[in-house]
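Read through the structure below, which is laid out as C-alpha cells, and then see the notes.
The values are calculated or read from the model by the stated rules, or taken from the named source; none is laboratory data. Note that the coordinates shown come from a computational prediction; the quantities given were computed from them, not determined experimentally. Glycine also receives a Cβ, built like all others from the backbone with ideal geometry; neighbour counts cover every protein chain displayed.
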Amino acid sequence: MSDLDAELADIFRDEAAERLDQMELALLAVESGAAGAESVDSLFRNVHTIKGAAGMLGYDDIRALAHAVEDVLAGVRETAAFPPELATLLLRATTALGGQVTGAGEPADELIGDLAASLAASSGGAAGDPVAGRNGGTGRNGGTGRNGGTGRNGGTGRNGGTGRNEGTGRNGGTGQEGSAGQEGSAGQGGGAGDAGAAMAGGAGDAGATAAGEPEATAEAETSGSPIKGRPLRVPAGKIDRLLDIVGEFMQYRGRLAHSLGAQELQSQAVREILAVSGRMFDELAETAIGMRTLPLATITRQLPRAVRDLALAAGKDVDFVLTGADTELDRVILESLYDPLAHLLSNAVIHGIESPAERERAGKPARGRLEIRAVPRGSLVEIMVADDGRGVSREVIEEARHAGSLADVLARSGFSTAAEVTDLAGRGVGLDAVRDYARSVRGSLEVRSEPGNGMEVILLLPVALALLEVLLFERAGRIYGVPLVAVQEVITAGQTLLLEGRSALEIHGRPLPVADVSALVGATAPPLGDRPPALVISVGSRRAIVTCDMVLRQQEVVVKPLGPLLAGRTAYLGAAILGDGRIALLLDPAALARDSWRLPEIAGPAASEPAASEPAAAPKVLVVEDSFTVRELQRSILETAGYPVVTACDGREALAALDRDPEIALVVTDLQMPELDGLGLTRAIRASAARSSLPVIIVTSRGSEDDRRRGAAAGADAYMVKQGFDQQALLASVEHLVGR
Amino acid sequence: MTVYVRLRVASERYAIPVQHVIEVTELGEVTAVPGSLPEMLGVRNLRGRVLPVIDLALLLGIARTAPPGRLLVAEAGGISAGFAIDAVSEVSEMEEPTEETESALLTGATLAGGDLIGVIDVSRVLASLEERASERSRR
C-alpha cells in the first residue's frame, strides 16, 4: 500500500466512522420511538456516501452491505413508515459496517440477506413483486452467487422466526421457514434467530441482537488498524485555533490603524513599528494558512483508476482528464472533498456518459470524456467536473427555469436523472449531498447542462476556511461584502432596458438583470440615485448586476458564521467585523446571481390595467423558439418596443400557452423545433375555431422559396429569415399584423 | 430556591435562571440582518464576536413604547444570543415558578414582592427560534 493509499484509507475510515456514528444516533432515536420516517433522508445520505466512497476504493464488502441498507431505507422512504424493529436490524448493519470499516469485519452476506428479506416482508403484503426482484439483485451483489443466494434465503427464514415479527403479528406466518434460515446462516445469526423466537415482542428482538453479536463487535474494537507514524501529527483543532488567532489579530491590527488616527500615523517611529510588525504578521498568517493547505493531488491520484473501474462496471468507455491537481486547498476542505468528487464522477459515468453505441447514434465519439479541472481564483478555488454525456432532459431544463437554477432542481432530495436504480449510483442522492457539503464549507455549487450536451458541475470552495477577500459596498446605511472573486467588474448602471419585464443592462453584448441589493436581501431602502454604482456578479455561467449606493473597498476579512438563529430567506456567507467595529453582512454570490433573475417583475409598459378609459394595452405576442438565445433576443426586441411577451420552447408548449392565455394577439414562431414544429403549429392554429384568424409570423434560418411556399400554405401571415435578422423588419411585420 | 436575574421588558417583569446568563451590557449598535425572522433584531459586535440579538418584547408579544437599551447575553444548548431588554433589576433567589402560564416560552411564573414574574425558558426560546429560522430558510 502506498502512502497515498494509506492516507486515503485513513480518510475513508475516519469519515465512515463519523457517518456511522451519526446513523447510529438517528437509528437509536427511531428504535426508541423518539423519531420516525422523517429521519430517513439523513440516514440515506450517510449510507449512500459510505457506499460511494467504498465503491471508489474497491471495498466491495462495505459497498454491498451499504447498498442493502440503502435499499431498506429507500423502502422506508417509499412507505413513509419506519418501524422501530427495522431500526434494530439497521443498527446491526451499522455495527457490521463499523467492523468492516476498521478492517475487522467480514463479508456480511447473511446480514444482507436479512435486510433484503425485511424489505420483501414489508412490501410483501402489498404485492411487492418488483421490489422483491430488485432485492434479489442486491443479494447477489453481496458476494458470490452462491453466498448471496444462501444469505437471502436464510434471511427470509430467520426473519420469520424472530420475536420481532411475532410481536407485530404481521409476518408471523412465515415462521415455518425458520429451519431454512438456520441452515443458511452462520452460527451467530442462527443464535440470534433462536433467541428472538424464544422471547416475545420487540424487546426480545433487541435482546437477541445484543446477544448474537458481542464477539464481532469486540473483534472490531481490538483490531482497528494502528495509527501510522507521520512527520508530525498535530490535531487539526490546534491549527484551527492558530488560524482563529491570526484572524482575530488581523482584525485588531485594522482597528489599531483606525484608532491611531492620522496624527500618530505621521510619526516615523509608529509607522516603522507598524510596518515591521505588519510584515511579521503577514508571514505568520501565511505560514499558519500554509499549514492547512495541501495540493488537490493528495486526494485525486486514485481517481483515474476508480473512474476506469466504474466505467468498466457500467459498460462505458471513458477518457478521464485531471488538470490543476497542484492547486492547494485547506486540508479540512480537501479531506471532505473526496466524497463529493466521488459522487460527481460516478454520477457522470453512470448517468451522464452514454454507452458507446448510444454515443455513436448521437454522432459523438464512442469514448466519453470526463474532466476535473481545478483553478485557483483568488481566495477561492473553482473545481469543475465536466462530462460530454447526455446532460439533463428538456423537462429538467424547463423545471429549472421555474425553480431558478438547475442546481436547485437536481439537488432536490430524491431527484434522480437515472431511469433506473443501479448498484453504483443513482437515486439523485449525490447532488444534494454535494451541495450541502459546499455550503458547509462556505462554498457554492453551480450546474450547467444542455440536453444531449453533457453537464458541468462547478464547485467554488474557499482556499482557507477563515479568510476571505471581499468587496465591501454600502446600501441604505448597511455594509455588505461579496467575495471579490465573484465580482467581474464594477460599473455605473445607466439607462436600463426591459427583459422579461425586469430591468436589465447589456454587458459585453449580453443583457443581464439589474437588481437593487436591498431588494435582493429583502430590506427596505430609499430609492437609488441616478446612475448608481453596480457590481457585475459572476458565478459559473450565471451573471447579474447588483446596484448599491457606494462601493467602498476590497478587504481580506475573517468570516464569522451568523449562526442558526439568523438563517432565513437570504443566503449569507456570514458576517465580518470591520476595522471601525461595524459589521458587514457577507452575501452569497450564487444566491445573488440566482435571485436577480427571480425578483418580482417590475411594472413596465406591459403591466397596464385593462380599464375601458385607459388607452388599449399593447397586444401580447407569443414567441415560440427552441433556441434560448434567439428567444431572448426576440423577446427583448419586442418588449423594448412595448409589447408584452410570453414564450414557449416548441409548438406543443405554444398551443398550451394559447389555451392558457386568451390575450395573445400574435405568434412569432421558429420553423424547426422539437415536438411540434412551426408549420404544425401554424396548421393547428388555423384549424382551431377560436384562433383561426390569429396572425402568425414564421421566423426561420431556412430561406428557400420552397419553404416560404410551405409556410404560406400552412397559413402563415409573414415569413422572415433569421440570417441577417433585422429587428426593424420584425417590428414592422408585427405592427402591420396587429394594426398598431 | 434558584438564583435568577430579574429583568424588565417594557412594563413587564421577567426572570432568567442565572446559569443561562453570561453577561449584561449596553445594547450597542445592532446591525439588522434582512431576511431573518422578525424577532431577530440583528447582530452585534461583542468584543470581536458576532452575536445574534433577539427582540424579547416582540417574542413575548409585549407592546413597547421606548426602544430597549440593555443587552442580556444568554446561552443554552451551545447557542448564545443576546436579548434586548430595558433593564436588569436585581440578581436574587426566588421561589421556583409554580403558576402556569399560557406562553410556551416560559417555564412558568412566580409571585415575588407582589409582582407576577414570568420565568423565561432560554433553551426553549433558542430552540424554537432555531427551528423557525431553519424552516424559513428552506422556503
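General remarks:
- Among the residues of segment A:529-550, the ones that are at pLDDT 90 or above and over 32 Å from the mean Cα position of the chain (by Cα) come to 4 in all.
- Any chance A:I685 is touching a residue at least 40 places away in the same chain (Cβ under 8 Å) and part of a helix (DSSP H, G or I): no
- Subset of segment B:18-69 (residues that are away from every other protein chain (no Cβ under 11 Å) and not hydrophobic (A, V, I, L, M, F, W, C)): B:Q19, B:H20, B:E23, B:T25, B:E26, B:D55, B:G61, B:R64, B:T65, B:P67, B:P68, B:G69
- Residue list for segment A:694-740, filter: small (G, A, S) and either part of a helix (DSSP H, G or I) or at pLDDT 75 or above (or both): A:G711, A:A712, A:A713, A:A714, A:G715, A:A716, A:A718, A:A729, A:A732, A:S733
- Residue in segment A:639-656 that is more than 20 Å from A:P511 (Cα to Cα), surrounded by fewer than 17 Cβ atoms within 10 Å (Cβ to Cβ) and not assigned by TED's automatic domain parsing to the domain that holds A:E506 present: yes
- Applying the condition of being charged (D, E, K, R) and part of a helix (DSSP H, G or I) to segment A:74-120 and asking which residue is modelled with the highest pLDDT yields A:R92.
- Scope segment B:91-139; condition within 13 Å of chain A (Cβ to nearest Cβ) and either in contact with a His (Cβ under 6 Å, 6 or more places away or on another chain) or assigned to a loop (DSSP other than H, G, I, E, B) (or both); matching residues: B:V122, B:R139
- Residues of segment A:355-402 satisfying the condition of being assigned to a strand (DSSP E or B) and farther than 27 Å from A:I333 by Cβ: A:G368
- Residue within segment A:307-314 that is part of a loop (DSSP other than H, G, I, E, B), in the same structural domain as A:N453 (by TED's automatic domain parsing), without any contact (Cβ under 8 Å) to a residue 24 or more places away in the chain and closer than 20 Å to A:M455 by Cα present: no
- Residue in segment B:88-96 that is surrounded by 13 or more Cβ atoms within 10 Å (Cβ to Cβ), closer than 21 Å to B:M40 by Cα, touching a strand residue (DSSP E or B) at 6+ places or on another chain (Cβ under 7 Å) and touching a residue at least 60 places away in the same chain (Cβ under 8 Å) present: yes
- Selection of segment B:71-87 for residues being buried (at least 18 other Cβ atoms within 10 Å of the Cβ) and more than 14 Å from chain A (Cβ to nearest Cβ) yields B:L71, B:L72, B:I85, B:D86.
- If you go through segment A:551-571 and keep only what is more than 7 Å from chain B (Cβ to nearest Cβ) and either small (G, A, S) or under 18 Å from A:L380 (Cβ atoms) (or both), you end up with A:Q554, A:Q555, A:E556, A:V557, A:V558, A:V559, A:P561, A:A571.
- Listed by first and then second residue, the pairs with beta-carbon distance under 9 Å, at least 6 apart or on different chains, first residue in segment A:39-52 and among the β-branched types (V, I, T), second not in a helix (DSSP H, G or I), are A:V40/A:A80; A:V40/A:F82.
- Some residue of segment A:366-384 being farther than 22 Å from A:R439 by Cβ, in contact (Cβ under 8 Å) with a residue 24 or more places away in the chain and among the hydroxyl-bearing types (S, T, Y): no
- Whichever residue in segment B:110-131 is over 16 Å from the mean Cα position of the chain (by Cα) and buried (at least 16 other Cβ atoms within 10 Å of the Cβ) and, among such residues, is farthest from B:H20 (Cα to Cα): B:A112
- Matching residues in segment A:575-597 - criterion: being at the interface with another protein chain (Cβ under 8 Å from one of its Cβ atoms) and touching a residue at least 40 places away in the same chain (Cβ under 8 Å): A:I577, A:G581, A:R582, A:I583, A:L585
- The test for being touching a Pro at 6+ places or on another chain (Cβ under 6 Å) and either at pLDDT 85 or above or in the same structural domain as A:A411 (by TED's automatic domain parsing) (or both) holds for A:G522.
- Filter pass, A:L528 being surrounded by fewer than 20 Cβ atoms within 10 Å (Cβ to Cβ), more than 10 Å from chain B (Cβ to nearest Cβ) and closer than 17 Å to A:I479 by Cα: yes
The rows are residues; the columns are (1) in contact with a Leu (Cβ under 6 Å, 6 or more places away or on another chain); (2) closer than 18 Å to A:V385 by Cβ; (3) charged (D, E, K, R).
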| site | (1), (2), (3) |
| --- | --- |
| A:E272 | no, no, yes |
| A:A275 | no, no, no |
| A:R279 | no, no, yes |
| A:L284 | no, no, no |
| A:A288 | yes, no, no |
| A:P295 | no, yes, no |
| A:R301 | yes, yes, yes |
| A:P304 | no, yes, no |
| A:R308 | no, yes, yes |
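- A:A80 surrounded by fewer than 23 Cβ atoms within 10 Å (Cβ to Cβ), on the phi > 0 side of the Ramachandran plot and not β-branched (V, I, T): yes
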